[in-house]
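Structure record follows, encoded as structure tokens.
Just so you know, all these numbers are worked out from the coordinates, no wet-lab data involved. The model shown is predicted, which means the values in this text are computed figures rather than measured ones. All Cβ positions, even for glycine, are placed from backbone atoms using ideal geometry, and neighbour counts span all protein chains on display.
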Amino acid sequence: METKAALPHIVIVGAGFGGLRAARALANAPVRVTLIDRNNYHLFQPLLYQVATAGISPDEIAHPVRGILRSQKNLEFILSDVRKVDLPGKKLMTDAGEIAFDALILAVGGVTQFFGMESLERNAFGLKNIADATGIRNHLLTMFELANQEADETVRQAMLTFVVVGGGPTGVETAGAISELTRLVLAKDYPNLNTQNVKVILLEAFDRLLPAFPPDLSANTVEVLKRKHVEVRFNAAVAGFNGKSVSFKNGEELPAHTVIWAAGVKAAPLMATLGVEPGSLGRVPVAPTLQLADFPYAFVIGDAALLMDADSKPLPMVAPVAMQQAEVAAKNVVAVLIDGSLSEFHYKDPGSLATIGRRQAVARLGKFKFRGGFAWLVWLFVHLMQLVGFRNRLLVLINWAWDYLFYDRAVRIIGPCS
Ligand SMILES: Cc1cc2nc3c(=O)[nH]c(=O)nc-3n(C[C@H](O)[C@H](O)[C@H](O)COP(=O)(O)OP(=O)(O)OC[C@H]3O[C@@H](n4cnc5c(N)ncnc54)[C@H](O)[C@@H]3O)c2cc1C
């Protein structure tokens, strides 16, 4: 009988959507799997904006990796930051030392992309991880506390102006949720503040929100946001933010103490250590088999990988791409190490969903498109079912029901964690 150490060793970096799915897909393969992540949890990023807007707490969308994979006998989890990949040497440099592999699956995702605008990187909030989301929540709530004490009307108005940059799903969802938090919840907490003066402004550099949706759903989203008192500005190219005022490329200034940057993501920095020429947004080009050129034992999947769709456009940085690629990479890695033929990846687009707030969402599912209450119910159901763990589903459902029935937000806490 083969000992465990004699089995081919596959290392997966990243326990996000792609890495976790790849690890599970290898559960019955005659291989030894090591899964490495700098966090000990899998994060459900699509609901980060609800942590940022005080609706749910971080642990409801983060599930411990060891808990998820505890029954997988051929897998070991290592909590570590991977610093560098040595592809020819088949090893990783990590803060837990060197880790050798026979084959590698990189599923390291992305980070916020500020397009070189340093003042934004310094002063604006990204929304990519738990620290970002709790940072936004603390800041939003602090702005209300400070505004409540502020005598100068101009300063108070800037404290109560919340700017969200980026008209994709994250920007739309965040802007809608801040507006509802303000008008439905905080208005009751701050009777001395005129919350009618609160401004939520969504900035988009181009002329349309939600470009992945049909044009009529994009137009509907603008209407719904307006009804929710969100001001949408198109062709608004941001140039900087000093913490007190947003500057635009046309020279305009907008006094505001809060900017949430939902306008860009690029591949995780680890991809720059591969010695492979990156493509757009730092994503590394892969073959249709998801292998790196010259390194058939190395695979890249998800946000970090650059692969074109049938129309020669880069596949989107979304969870279904990462999860579907994980299945193909897992099959191909076994084919390379043991036996079998390689498969090519073909994306099956399950559609897109975005919520704009209470009873409002847009959905594109195959040939069908919906908006309003039905789309919202679909959004609720899909997101709830995708959360890992029954406890998390139950807690999120309770929080959603509570918010919906009582116009409340459960986590209105200014604090380092929770
Ligand atoms: C706010 C927000 C909302 C989103 N909403 C949606 C949505 O509604 N629908 C949708 O389909 N997609 C959505 N996405 C995109 C989706 O989350 C990503 O496309 C998906 O997570 C990509 O999966 P991945 O496996 O490539 O990377 P990730 O899921 O990001 O996982 C990467 C993992 O790698 C780890 N890692 C990175 N670098 C290192 C390192 N050097 N060492 C160790 N570990 C490392 C990270 O800790 C992380 O756990 C959203 C993203 C954000 C930020």
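Under the rule of at least 5 residues apart or a separate chain, name every residue whose amide H is placed under 5 Å from the amide H of A298.
Excluding prolines and chain starts, which carry no amide H, the hits are L104, L292.
With a 10 Å Cβ neighbour count serving as the proxy for reagent exposure, in which order, fewest first, do T154, T94 appear? Display every interim value, and only then the final one.
Values: T154 9, T94 20.
Ascending Cβ contact count within 10 Å gives the list T154, T94.
Could you give the alpha-carbon Rg of the chain over 2.2 N^0.38 Å, rounded to two decimals?
1.03
Whose amide H sits under 5 Å from the amide H of A236, counting only residues 5 or more places off or on another chain, with H placed in the peptide plane?
Result for A236 returns E204, A205, F206.
May I ask you to evaluate 6.51 cos²θ - 1.76 cosθ + 1.60, the Karplus curve with θ = phi - 60°, for each residue of segment 75-90 and list the ³J(HN,Hα) values in order in whole Hz, giving x for glycine and proline?
10, 10, 9, 10, 7, 6, 9, 8, 8, 7, 10, 9, 5, x, x, 6
If you put +1 on each Lys and Arg Cβ and -1 on each Asp and Glu Cβ, how big is the dipole of the chain around its Cα centre, in Debye rounded to 20?
Values: 41 positive and 38 negative charges, 185 e Å.
Here the size comes out at about 900 debye.
Which value, in Å to one decimal place, does the Kirkwood hydrodynamic radius take for segment 352-418 when every pair of different Cα atoms is included?
Its Kirkwood hydrodynamic radius stands at 13.3 Å.
Taking neighbour counts of Cβ atoms within 10 Å as a proxy for exposure, in what order, fewest first, do I68, I414 appear?
By the 10 Å Cβ count, ascending, the order reads I414, I68.
Assuming a ≥ b ≥ c are the square roots of the Cα gyration tensor eigenvalues, decide whether segment 121-191 counts as rounded (a/c under 1.5), prolate (otherwise, with a/b larger than b/c) or oblate.
Cα axes put segment 121-191 in the prolate bin.
Can you list residues whose amide H is under 5 Å from V246's amide H, if they're 5+ apart or on another chain and H is modeled 1.01 Å from N?
Under 5 Å from the amide H of V246: L254, A256.
What chymotrypsin sites (Phe, Trp or Tyr not before Pro) does segment 187-295 have in DSSP loop regions with at most 14 other beta carbons within 10 Å?
Qualifying residues, ordered by number: F206, F234.
So, in Å, what gap is there between the alpha-carbon centers of segment 259-327 and segment 4-23?
Centre-to-centre (Cα) distance: 18 Å.
Where Lys and Arg each count +1 and Asp and Glu each count -1, what net charge lies around E173 among other residues with Cβ under 13 Å from its Cβ?
Here the charged neighbours net out to +1.
What ³J(HN,Hα) values, in whole Hz, does the Karplus curve 6.51 cos²θ - 1.76 cosθ + 1.60 give for segment 227-242 when θ = phi - 60°, with x put for Gly and Pro?
With coefficients 6.51, -1.76 and 1.60, one gets 4, 8, 6, 9, 8, 9, 10, 8, 6, 9, 8, 7, 10, x, 7, 9 Hz.
So for Y347, Y404, fewest C-beta neighbours within 10 Å to most, what's the order?
Least crowded to most crowded, the residues run Y404, Y347.
Let me know the charge dipole size of segment 118-263 about its Cα centre in debye, to the nearest 20, where only the beta-carbon of Lys, Arg (+1) and Asp, Glu (-1) is charged.
Roughly 180 debye for segment 118-263.
Expressed as a rounded percentage, what relative contact order does segment 118-263 have, with Cα pairs under 8 Å and six or more residues apart?
Relative CO of segment 118-263 lands at 34 percent.
In terms of the ratio Rg/(2.2 N^0.38 Å) built on C-alpha atoms, what value belongs to segment 118-263?
1.00
Could you list, in their original order, any pairs among K199/K313; K84/K331; K228/K266 whose Cα atoms are separated by more than 27 Å?
K199/K313; K228/K266
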